[in-house]
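*Asks:* Submitted below is the structure of interest, expressed as structure tokens.
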Amino acid sequence: MNLTIHAHERLKLAEQICKIKDARLTKKRRQVLTLLLLCEKAISAYDLIDLFKRQFSEELLPMTAYRNLDFLEEMQLAHRLNTANKYVACTHVGCKSSHVLPHFLICQKCSRVDELNNYTTNSLVDLENKAEQTGYQLSSPQIELNGICNECLLEENHD
């Protein structure tokens, strides 16, 4: 498996973040994060299990996969996309982007996911207040916007 320089740097940052938070990036957690970093789109836990077997010639049980994904989410190294029930590596590992209210653009055609920079930390409070005033309580602190990426649009225009 060929890691890009960018993926390798993000793995190093992930190890530092875990160490700071007094947590361990075990071999399996690192392998799961590596696969998320190498995927160009969001993947389900079961897709991850299949990919894990192909890449590492090892079995990854569903319970283990979900535990590892939960850990990566807790460390803010990965995100679960609620609408698709899929996972992506955090693109802001080690930067100052706020994880309080993550914003995602999701391509409806190819499932590519782009995480937007979000440097404000008070926008979640604003949204919670607006939801409450409207008679709602938020169940998910993230924004998922669906659309079509430029690459898919170009393909459509060439067909």
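Rule-based calculations on the coordinates, nothing more; no lab input. Remember, it's a predicted structure, so these values are computed and weren't measured experimentally. Note: ideal-geometry Cβ built from the backbone for every residue, glycine included; neighbour counts use all protein chains shown.
*Asks:* Given charges of +1 on the Cβ of Lys and Arg and -1 on the Cβ of Asp and Glu, with all other atoms neutral, how large is the dipole of the chain about its Cα centre, in debye to the nearest 20?
*Replies:* So the dipole magnitude of the chain works out to roughly 740 debye.
*Asks:* Under 8 Å for C-alpha pairs, at least 6 residues apart: give me the relative contact order for the chain, rounded to a whole percent.
*Replies:* Value for the chain: 19 percent.
*Asks:* Whole-Hz ³J(HN,Hα) for each residue in the stretch 60-71, computed from phi via Karplus 6.51 cos²θ - 1.76 cosθ + 1.60 with θ = phi - 60°, x for glycine and proline: what do you get?
*Replies:* Karplus-based 3J(HN,Hα) across the stretch 60-71 equals 10, 5, x, 4, 5, 4, 5, 4, 5, 5, 4, 4 Hz.
*Asks:* Also, I was wondering about something else. Explain nothing, just compute: Karplus ³J(HN,Hα) = 6.51 cos²θ - 1.76 cosθ + 1.60, θ = phi - 60°, for every residue of the stretch 151-158 in order, whole Hz, x for Gly and Pro.
*Replies:* 4, 5, 5, 4, 4, 4, 6, 8
*Asks:* Using Cα springs under 10 Å in a Gaussian network model of the chain, which residue among Arg54, Arg80, Arg29 shows the largest mean-square fluctuation?
*Replies:* Its mean-square fluctuation being the largest, the pick is Arg54.
*Asks:* Build a GNM of the chain with springs between Cα atoms under 10 Å: which of Gln133, Gln142, Gln108 gets the top mean-square fluctuation?
*Replies:* Most flexible of the set in this elastic network: Gln133.
*Asks:* Another question about this same structure. At what distance in nm do the modelled label points of Gln137 and Leu61 sit from each other, each positioned 7 Å from its Cα along Cα→Cβ?
*Replies:* For Gln137 paired with Leu61, the spin-label model returns 3.5 nm.
*Asks:* Is it possible to state the helix-based mean residue ellipticity at 222 nm for the chain, with each DSSP H run of 4+ residues giving -39500 (n - 2.57), the sum divided by total residues, to the nearest 500 deg cm²/dmol? What is it?
*Replies:* -14500 deg cm²/dmol
*Asks:* How big, on average over all directions, is the shadow cast by the Cα convex hull of the stretch 3-101, in nm²?
*Replies:* If I average the Cα hull's projected area over directions, I get 6.2 nm².
*Asks:* Also, quick follow-up: Among Lys21/Lys53; Lys86/Lys109; Lys41/Lys130, which pairs are too far apart, with a Cα-Cα distance over 26 Å?
*Replies:* In this structure, Lys21/Lys53; Lys41/Lys130 exceed 26 Å between Cα atoms.
*Asks:* What does the highest-first list of 58-67, 9-18 look like by mean Cβ count within 10 Å?
*Replies:* Going from most to least packed, we get 9-18, 58-67.
*Asks:* Quick one: which residues, 5+ away or cross-chain, put their amide H under 5 Å from the amide H of Arg112? H built at 1.01 Å from N.
*Replies:* Correct list: Cys107.
*Asks:* Considering amide H positions built from the backbone, and no H for Pro or chain starts, which residues 5 or more places from Lys86, or on another chain, come under 5 Å of its amide H?
*Replies:* Here the answer is Leu81, since their amide H atoms fall under 5 Å of that of Lys86.
*Asks:* According to a simple spin-label model (label point 7 Å from Cα along Cα-to-Cβ), what is the distance in nm between Ile148 and Asp70?
*Replies:* About 3.9 nm separates the two model spin labels.
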